[in-house]
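One structure is given below, encoded as structure tokens.
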Amino acid sequence: MIKNYFKTAFRNLWRNKTFTLINTAGLAVGLAVFLLIFEFIAFEWSSNRFHKNYAELYRMAVTDKNGQPGYYLPPGVAPILKEKLPGVEAVVRVADGIGGGVVSYAGDATVKQTELRSFREDKMLYVEGNFLEVFTFKLLDGTASLAAPKTLALSETMAKKLFGKTNVAGKTITVSDQFGKTPYTIRAVFKDMPATSDIKTEVLLSLHTLENAANRDGNDWADPATTESGFTNIYLL
């Protein structure tokens, strides 16, 4: 009986080839669109959820007189927010558009000068000293604090490019950017940031480096204490 039903259905479909083709194509397109939408929603839903503090993290925004949102705020606003807003445990400043430059390692007493390794990195971030404590990217080596000036953290990929390994905390590399040529001590190596992270970089530079005018190379607009130049994203825990 069931076999006869299938035969009848197949014959009807075969006799109406155009109708069958249109319906089959429509079904295929519908399924493809559904799967794409499902994948997009799943990806967006999973964004940043790997952070331990995900539920308590907020990014500050401002709106202009036309109601349009903006996310770049003067870094000097951060300590004011920490002081004035009840319930704020930590404030994290992230400057994502000012740190592009060249990262290089010239070796040490055991490495020949000719083995200089140098890489262009356009997305280096200047970040608060507590960045790796509030945003819980997995550490492979070193400690989370970037509170000291002239300290940085490297991604797993960047560490392997420069050294061929990841256990490199304590070594010194040079960063050449708009603020000059500055030696930085590697404080930590973190696992490559996942695709579901809004924040992506290979190098995290301590924002506290720019507190000293000598490290700004005349770019006083980048003073972390300024309340005029809006060049940082500010996150609240």
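The values are calculated or read from the model by the stated rules, or taken from the named source; none is laboratory data. Note that the structure is predicted; figures quoted are calculated from it, not measured. Only protein heavy atoms, including side chains, enter the accessible area calculation; ligands, DNA and RNA are left aside. Shrake-Rupley method; radii C 1.70, N 1.55, O 1.52, S 1.80 Å.
Annotations
- Segment 136-232: Rg to Rh, with Rh as the Kirkwood radius over Cα pairs: 0.99
- Heavy-atom surface of segment 116-173, accessible at 1.4 Å and reported per residue (Å²): 44 Å²
- The aspartates and glutamates within cross-link reach of Lys52, meaning a Cα-to-Cα straight distance under 16 Å and a gap of 8 or more places when in the same chain, are Glu89, Glu133, Asp198.
- Using only the C-alpha atoms, the convex hull of segment 76-213 corresponds to 116 Å³ per residue.
- Computed from phi, the 3J(HN,Hα) profile of segment 213-226 under the Karplus parametrisation 6.51, -1.76, 1.60 (θ = phi - 60°) reads 4, 5, 8, 9, 6, x, 8, 6, 4, 8, 4, x, 8, 5 Hz, with x in place of Gly and Pro.
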